[in-house]
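The values are calculated or read from the model by the stated rules, or taken from the named source; none is laboratory data. Keep in mind that what you see is a predicted model, and the values were worked out from it rather than measured. We place every Cβ from the backbone using ideal geometry, glycine too, and count neighbours over all the protein chains shown.
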Amino acid sequence: MSPDLSDRSSSAASWAPRTPGKRVVWGLLALLMIAMGVLHFAQTRWFMLAMPPYLPWHRELVLVSGVFELAGGIGLLIPRWRRAAGWGLVALLVAVFPVNIHMAVDPVQFPGEPIAAWVWWARLPLQAPLIAAAWWMTRGERGR
């Protein structure tokens, strides 16, 4: 099923979501996911410290999650991949939630960067709007 492009504007931003609110959420989510994906490679050891002991292959899981964050963020920028990227990010955000819970229950203290325990707890409710934003990207424009 090919997309109907007949009602697309000819503006340079026609590849972005049409509604202003969705455009903002789309841009922020794409930027956040790409940045987090890059951080998984730039700060691999930092992310490994947050891994629960019951999970195997800490380094590999950190790198794989970084790949999926990058793929999801980049996928949001490509119209034909936006829906799949949204579903992939929903799955990823649900999958990593147990790690976020572990970080709250057993607060990780990173070398040279003391972080208050409340910060880890405050992060947990943020997962819901991120999942909602990723899900929103799976929805078509204007009832499609």
request  = Scan the range 56-112 residue by residue and report those that are farther than 30 Å from LYS22 by Cα and touching a helix residue (DSSP H, G or I) at 6+ places or on another chain (Cβ under 7 Å).
outcome  = HIS58, ARG59, MET103, ALA104, PRO107, VAL108, PHE110
Tally of residues being modelled with pLDDT of 90 or more, of a type outside the set (Phe, Trp, Tyr) and over 19 Å from ILE78 (Cβ atoms) across the range 1-44 = 5
ask   = For the range 62-144, which fully contained helices (runs of 4 or more DSSP H) count at least 2 residues that are at pLDDT 95 or above and in contact with a Phe, Trp or Tyr (Cβ under 6 Å, 6 or more places away or on another chain)?
value = 82-105
inquiry  = Which count do you get for residues in the range 80-120 that are touching a residue at least 60 places away in the same chain (Cβ under 8 Å) and exposed (fewer than 15 other Cβ atoms within 10 Å of the Cβ)?
reply    = 2
